Every structure is written in structure tokens, then in C-alpha cells.
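Notes follow once the structure below has been shown.
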């Protein structure tokens, strides 16, 4: 196969690898807001007060309201032998 | 002819010893907190592929330390084949075999081939990237271009720092071609391979958060001499005689092409910049087998044989199977069987059928590995005086948080209490 066809194939594979990540871009865009960035550490602290392992928490949504910023999380605890059902949590500041 | 056969046989014995050492004492040490983090797929700072390999092994062989560590064992052995391929491409069969023997017996690589860190998968991927790069730039075969893409993407998605080699090779390629990269397929392949990890970092704030958290403290070059001292203190016990041999091999560096220099520099500096006290970065020092192999290949056979025998003895002194013998230099992980391996059953029996337990004190991910109940991190929890439940306490000072609790189990490491 000529080299440039290989490059095109790899470009196609890159696109396929990136497609599953695209829906998360709007969520990441929220962090461009200073209010969201300011509220994020407090949201994590609230999760810590519940005894959660932060590495098992996935951010699902951010709701930036006039009076507060709310983060919606999914907590998926996993041990060596068990995966508990996901738990939905909302923290607001 | 007879002498060549004898030497070849000797080299293969060294290689077999190295492969065998990678497969011994796998279950002996406790799972560490970092290993548990990766084996449980619980790191917000890493892309998914490396952790997925560990999960996949556990899906097939069951959730055990041996299953998780089998990934490092397998990829540690594959690494040796890749090193042979690189040197065979650059030099002759004899030099490649000698280098293979040196890599097989390299102590820090053997150590981490027995553990479930991501350093062995990453070093294997980086070597594969180098091999494919050398082949793609010399033979111009499309297959090697494609493999360069595959190995590069794999490296970037095993660990975030995996992007460093493809990115540096891209930079080196641009310098080599004086900026004329628009019509260069190799440059395009490397650039494309970096796109998925770039998008992953943008869409996963945990990675950027980790960089911000550790940047300027653990990450970086601040306190350079202190870092160098810590680095050498970390390297010495896991290398011993291999270290001066590494230094001596610097004399052969000018025979190696610049992409190999890039890999050597990355592998050597990564510990200095990202955490000099982290022993797992010594995995990457196996790249020094390349210049060491060149050094040995130029020696007379008796001198080469003697040095290889010394290196084998050096490695066995550090990493021989614990059931065979121990030496003053035996790695601390193999002095005695891990605490959790010998006590987890009793701790879980004390917890009986508890659904959850609150852990107080220094709690690592390994606790989640060994304790069957759900473990809550109690350090930031507001535990009311009326709170009832089970606790694992690692720091006895924390017992003041749970007055009048009944102790169900205690030893020199922890206390299990019920309130």
C-alpha cells in the first residue's frame, strides 16, 4: 500500500478513536467558566466528606445557575471482587 | 566454530534465566496501592488502555494479584523480543543476541515485570514505537508506517506520559528534515497518533488536575540536586553492578542513531522529572541494554563472558526466588511475605458480613483490594458521636474519633472496631 494511503487509513482510525470522546467536549467546555473552576474544589471536598474515593467518581453534568453551580456525579465503587451499582450524586455551591 | 556455539549456548542460558526470573515470586509481595489503583481501573490521571489490559487479564484468570501481574510478566518477555528486533535492525545478529541477554538479566526490568505497574507495558510500547520508527524511516514499507501508528497510539493510551516519545520523535524528525514535514508520511503518522490522547486529556479534567496538583512539587526540576540524590538512592539498590556498566557503556553512544538517544534520554530522565523516589521508573533503564550490548559485543569473549556472569550474579543477588536463597542485597519486597497476604483473611473475618467499613488514617487503594466490604475514606468524613458502624483504623490516634468503640481485631498495623 502506498505510504499516503496508509496515512489516510491512520487518519480514519484516529477519527474512529476520537468519536467516542466528542460527546464529553461540551462538559469540558464548562470549565472555561471561572465560576465553575472556582466551585470545583468545593464539590470535590463535598464528595470527600461522604467517604468517596474520588477516582471512582465520574463527572456527568454541570449545571451553572445564577445563584449556584451544581455538579452531577456518578459514583461507581469497585473492589477486587465487587462492583457496586452506580450511585448518582449532586453537589452544589 | 565450537567456541561460537558454546558462547551462543551461554547467552541463551542467560536469556532463559532472565525470562524465568520474571515469572517467579509473582504472588509473594502484597499488592501496592499503585498496583491496586491500576488493577481496579481506578486512576483519574491515566488513559484507559493500560488499566484495561489489567482488567482483561482478571476477567480471564479471575480477580487476583497473579492475574493482574501476568500482564507485566508477558509484556516484560515481549520487550526482550522487541529489543532484539531493534538491535538486529541496526547491527548484526551476534550484537543483537548479546544485547538480548543483557536486557533479559537487567534487574530493575525483572523486578517490575513481576508487578502490576504500568511501567512495563509502557516501556514495551515505547520500544515498539522506536523499532517501528527505525523501520519506517529506513525501509519506507507501509506496514511499518501502520505499526508506528498502532504502537504510538497504544503508548499514549497506556499512560499519559506515553505521549512523550512520539512527540519527541516528531520534533526530532522536523529538525532532521529542517522543517520540511508536510510531505513526510512519518511525521503525519506521529502527529495523528497524538490526537486521541490530546482529546482524551481535554475531556478528562482529572489528568490536568493531577498535573496542576503535582506540578512544581513532585513534577519538574525544582530542587535539582536533591532530586538527583533521591534518584541515585532509588536506583542503587535495584541496579547495583549494572549501574557502573551503564556508565561505561556511554562510550558506545556515538554508534547509536538519534532516535535511540531520545529513548535513552526519556527513560533516564523520566524518574528525575516525574518523581525521583518512585522506583517503578527504573523499569525504563532497561533501554541501557542497547549501549551495554554494543560495549560487550566489542569485547573479547572471555571478558564478555566474565562480565555477563557478574551481571547474572548481581541480578540473582537482588532478585533470586525467595525460596532458593536470600542475600544482604535481596530486594525488600522479597524479604518476607506481605502483611495483607498473611492477615487479610483474619481482618475480613473480623468484619464478617459488613456491607461497608470506614477507614481512618493513611488509606491506600490496596485496602480496597484486600477488604471485601465497601471501604469508605474516613479522613474527611464528619463522623458524628452517635454514628454506628465498623471502622478500620490505621493510625491509633484516630481512635479518639470513635470513643467507646469495641475492638474486634488488632495487630501491629491496624485495629478493627465496632461502634
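See the values below:
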quantity	calculated
Residue match in region A:39-54 (condition: under 30 Å from residue B:359 (Cα atoms), surrounded by fewer than 16 Cβ atoms within 10 Å (Cβ to Cβ) and touching a residue at least 24 places away in the same chain (Cβ under 8 Å))	yes
Complete set of residues in region B:29-57 that are under 23 Å from residue B:163 (Cβ atoms), without any contact (Cβ under 8 Å) to a residue 60 or more places away in the chain and in a helix (DSSP H, G or I)	B:52, B:55, B:56
Residue in region B:194-208 that is at pLDDT 95 or above and farther than 19 Å from residue B:47 by Cβ present	no
Qualifying helices (runs of 4 or more DSSP H) (wholly inside region A:1-66; at least 2 residues being under 29 Å from residue A:91 (Cα atoms))	A:25-29, A:34-49
Wholly enclosed helices (runs of 4 or more DSSP H) of region B:188-260 bearing at least 1 residues in the same structural domain as residue B:50 (by TED's automatic domain parsing) and touching a strand residue (DSSP E or B) at 6+ places or on another chain (Cβ under 9 Å)	B:205-214
Condition met for residue A:72 (free of Cβ contacts under 8 Å to residues at least 40 places away in the same chain, more than 10 Å from chain B (Cβ to nearest Cβ), part of a helix (DSSP H, G or I) and surrounded by fewer than 18 Cβ atoms within 10 Å (Cβ to Cβ))	no
Among (1) within 11 Å of chain A (Cβ to nearest Cβ); (2) assigned to a loop (DSSP other than H, G, I, E, B); (3) farther than 23 Å from residue B:147 by Cβ - the single one residue B:180 does not satisfy	(1)
Check on residue B:118, touching a helix residue (DSSP H, G or I) at 6+ places or on another chain (Cβ under 8 Å), more than 14 Å from every other protein chain (Cβ to nearest Cβ) and farther than 25 Å from residue B:6 by Cβ	yes
Selection from region B:1-59 of residues that are within 11 Å of chain A (Cβ to nearest Cβ) and closer than 25 Å to residue B:315 by Cα	B:31
Candidates B:151, B:106, filtered to the one that is in contact (Cβ under 8 Å) with a residue 60 or more places away in the chain and either crowded, with 21+ Cβ neighbours inside 10 Å or in contact with a helix residue (DSSP H, G or I) (Cβ under 8 Å, 6 or more places away or on another chain) (or both)	B:106
Residue B:26 vs. criteria assigned by TED's automatic domain parsing to the domain that holds residue B:252, at pLDDT 95 or above and either surrounded by fewer than 18 Cβ atoms within 10 Å (Cβ to Cβ) or part of a helix (DSSP H, G or I) (or both)	no
Count of region A:2-20 residues which are within 17 Å of the chain's Cα centre (by Cα) and more than 8 Å from every other protein chain (Cβ to nearest Cβ)	2
Condition check for residue B:383: within 13 Å of chain A (Cβ to nearest Cβ), surrounded by 15 or more Cβ atoms within 10 Å (Cβ to Cβ) and over 23 Å from residue B:40 (Cβ atoms)	yes
Tally of residues being buried (at least 21 other Cβ atoms within 10 Å of the Cβ) and assigned to a helix (DSSP H, G or I) across region B:118-143	16
Residue B:363 touching a strand residue (DSSP E or B) at 6+ places or on another chain (Cβ under 8 Å) and part of a strand (DSSP E or B)	no
Complete set of residues in region A:21-37 that are more than 9 Å from chain B (Cβ to nearest Cβ) and surrounded by fewer than 12 Cβ atoms within 10 Å (Cβ to Cβ)	A:26, A:32, A:34
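The values are calculated or read from the model by the stated rules, or taken from the named source; none is laboratory data. Every value quoted in this text rests on a predicted model; they were computed, and no experiment measured them. Virtual Cβ from ideal backbone geometry, glycine too; neighbours counted across all protein chains shown.
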